[in-house]
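Novice: Can you read through this structure? Questions will come right after.
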Amino acid sequence: MLILMQLKYLMTSLRKLALLATIPGILIFAQDEGNQVFGFISDSTSGEALIGANVFIRESGQGMATDNNGYYVLSDISSNEVTLVVSYIGYEQNERQLSFTGDSSLNLDILLVPKSIELVQIDVTAEGIERLNKIEPSRITISPRVLKAQPSLAEPDIFRTIQSLPGVLTTSEFSTGLVIRGGNTDQNLILLDGITVYNPSHLGGLFSNFIVDAVKEAELIKGGYNAEYGGRLSAVLDIRSREGNRNKFEGSTSISVLSAQTTIEGPFLNGAWLLAGRRTYFDKLLPLVSDFNLPYYFYDFQGHVFTDLNEKDRISLSFYSGIDDLEYNDLDLDSDWGNQTVSLAYRKIFNEKIIGNFLAANSRFYTRFGLGGDAGINEYNPLRDITLAADIAYFKNQDFNIFFGTELKNLSIRYNSKFNDELLFNSFTTPTQTAFYTKLKYKPNSRFIIEPGVRISTFSSHSNGLYPDLRLSTKFIIDEKRFINFAVGNYHQFISTFQDDFNAQILDNWFAVDETGEPSRANQVVLGYEQFIGSGLKLQVEGYYKSITDMLTYEEKRATSDGEVLSESLLDLLTPADGYAYGAELFMQQSVGKLTGWAGYSWSVSRKKMNQKEYYTNWDRTHVFNILANYTFSPSWEFNLKFTLQSGQAFTPINGYFLENLPGQSQGGYRTIPATRNGGRFPSYHRLDLGAVWHRKKYDLFFQVINVYNRENVFTYTYPLGNTYNGVDDDGDWDRKKHDLNGNERPDRGEPNVDEADEGRIQRNAVSLFPLIPTIGISWKF
């Protein structure tokens, strides 16, 4: 209902934004000499645009990859008789004979026919077009066709696949975000159809927010991204929704032990619509089949609808809504959080060389965190983001393109925190962020591609004027199969989450920088080598260095008895910290054939410097090795595997504890004394997941096992103070088989290893989360 209420506001905003459409007029030059061909590349079965399809002239080698609209334009074609070739992984290659008369322009839209990935035969020339014309440092594109050929634990998932790439981590199994090349989770820009999503995944890393059947493509840029993106320091994940089937109504459903989902789609007013929904229910089923209880569920609902007003104008609406609900009694934890986004987009083709995209969007995110009941910790953090954006692309020819755009964000962020029924923080800010960018793509010869860019930002809560970000990407073409990529740039970030080096983060709480602090800044350098071997095999080696300043880190400076902190001094609890990260990555990917997937290794260092002391970040892991594989055994069976092995995560151990007796309290307590910040390491992390899919004529059965050998990976340590008279095994050395004298399967007073002398000391207990979880499911189309 809220989405529908927001639609009227977005329509009004979009009309105003469309006035920017007059800007491209300054770019409309005289027509270039020679022939040209332009149009859209689409899927023949659904009519959806295909992003990144290779389009080229066979005789001359002129070519390009289609943009995010599936659009292409090839100019300055000197011959009147040529062969146009269109190629895309997972589709049959299409060839057309073109005849021009004089200097003519031809509008040609092409439909590609899907084909099984394992049967695809790649045209070597077509495969090389995108490589020869696109700079791709630290970039990988993942389509649903590829995702569904990868391990699908309960169901295919974008984030589970991304987590297997070198340089990408989660902070823990309880994490709701991605750590990419030493950057914290809040330093990644996550976009769904151009609008920022502030909570990109669900608890545990088992599911992301985005339903694969509703996603067209996900592009991850791990570093060195250019000027079209801003507001974050580390990486970009740009997700595009599917448009829906404009040819016929169809749907699909899948049900497993963990979740159920449905996707439906069909034609609509010279366009299409798509709706997808999902809900988990392992909070209900797990207690019935095991001793493990996870009182948590989530749901997602997303959709997309568009209509073509004519051949040059398209309006589309995209929306998403999702809620997570967690009530973990063992930790006395009660929390919920969620996202709501709605965006209205207008695409305008001014002429065959100029295309514009305009966006009006509203994004809402909130977290509510409770630990210890009403008298414990209670936090509430709602955030609203209203965005207006315009992007213009001018394709002068294959060697020279201009991109520019602008963005306006109106933010509203509240942070409220209580402890023991007392108000600690109450902050409310409404900053405005603006940005303008321009980027050139220039290919001076057959060996070099150069992409310089600049992005200029302002932020109303901080009055230091303009914040320029300079970006540069280059590509050196050794030959058609070997390339060197380089990228360098500086970046600014104005809103962040609280970083806590002592406690494991479960939820993210956002805040905006103001006059009392400085925006975070980063400089990145990326250098990489890539080589393509045979058909579909890619080898990539990359190194990177990143320096970051003014990361605001939580540092407790108050006494236990201190009360409320005034809203204007909230940032006084945060200490500016600098940091740096560097590393090297090795990546091998096989994209076609019976065996597909990848293997990756990364070596990295991530450190902070605060108060003149240097230490490892919470998310530092020196060595990470991942394997992701899918094997098509026959048309009926395919098997998949995911394995990860990682160095132990840094954490802060304790040196001891002290007893605490406060005035007015009838019973004293104790507080731990932290040792060197992040001076300890958890044991190494490793986990194996296996799956199989049995394809039948009308349905698919899938079988998965998460954490096959039941590895107890450490999430955190707790430090309870035991008692020698409570009849409880406080140090955990009571064994049911050896010490259960009365047969009631629990420790009791008088039994061996209960109320021992050493139980009066503080104990260290490891908390682990996900055990071995088998699941089975079924999916079918209708």
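The values are calculated or read from the model by the stated rules, or taken from the named source; none is laboratory data. Here the structure is a predicted model, which is why all the values come from computation and not from measurement. All Cβ positions, even for glycine, are placed from backbone atoms using ideal geometry, and neighbour counts span all protein chains on display. These area figures cover heavy atoms from the full protein model, side chains too; ligands, DNA and RNA do not enter into them. Shrake-Rupley method; radii C 1.70, N 1.55, O 1.52, S 1.80 Å.
Novice: Can you pull the percent of segment 574-730's accessible area that's carbon plus sulfur, 1.4 Å probe, other chains left in place?
Specialist: On segment 574-730, the fraction of accessible area on carbon and sulfur atoms equals 57 percent.
Novice: What does the net charge come to around I762 if you take all other residues with beta carbon closer than 13 Å to its beta carbon, with K and R at +1 and D and E at -1?
Specialist: Value of the local net charge: -1.
Novice: Another question, if that's okay. What ranking do 189-197, 746-754 get when scored by the average of other Cβ atoms within 10 Å per residue, highest first?
Specialist: Top to bottom by mean Cβ count within 10 Å: 189-197, 746-754.
Novice: Let me ask you something else. Around E243, with a cut-off of 11 angstrom between Cβ atoms, what is the net charge of the other residues, counting Lys and Arg +1 and Asp and Glu -1?
Specialist: With Lys, Arg at +1 and Asp, Glu at -1, the neighbours total 0.
Novice: Using only C-alpha atoms and all pairs of different ones, pull out the Kirkwood radius for the chain in Å with one decimal.
Specialist: Kirkwood hydrodynamic radius for the chain: 28.1 Å.
Novice: Could you work out the relative contact order of the chain, using alpha carbon pairs under 8 angstrom and six or more residues apart, expressed as a whole percent?
Specialist: Contact order relative to length: 10 percent.
Novice: Between E422 and D76, what's the calculated FRET efficiency when r is the beta-carbon distance and R0 is 56 Å? Round to 0.05.
Specialist: It comes to 0.20.
Novice: Just the number, please: carbon plus sulfur as a percent of the accessible area of segment 259-335, 1.4 Å probe, no ligands or DNA/RNA counted.
Specialist: 57
Novice: While we're looking at this one, here's another question. Please compute the net charge surrounding A272, taking Lys and Arg as +1 and Asp and Glu as -1 over other residues with Cβ under 15 Å from its Cβ.
Specialist: Taking every other residue near A272 into account, the sum is -1.
Novice: Please state the charge dipole magnitude for the chain, taken about the Cα centre, from unit charges on C-beta atoms (+1 on K and R, -1 on D and E), reported in debye and rounded to the nearest 20.
Specialist: About 1940 debye.
Novice: May I ask you to derive the FRET efficiency for I762 and Y601 from their Cβ-Cβ distance with R0 = 45 Å, giving the value to the nearest 0.05?
Specialist: Rounded to the nearest 0.05, the efficiency is 0.70.
Novice: In what sequence, highest mean first, do 429-435, 442-448 appear when ranked by Cβ atoms within 10 angstrom?
Specialist: My ranking of the peptides, most packed first, is 429-435, 442-448.
Novice: Next question. Rounded to the nearest whole Å², what accessible area per residue is found for the chain with the 1.4 Å probe?
Specialist: Result: 42 Å² of accessible area for each residue.
Novice: Using 0.36 nm per residue of separation minus the Cα-Cα distance, give me the extension gain between D733 and T430 in nm, one decimal.
Specialist: Going from the current span to full extension adds 103.7 nm.
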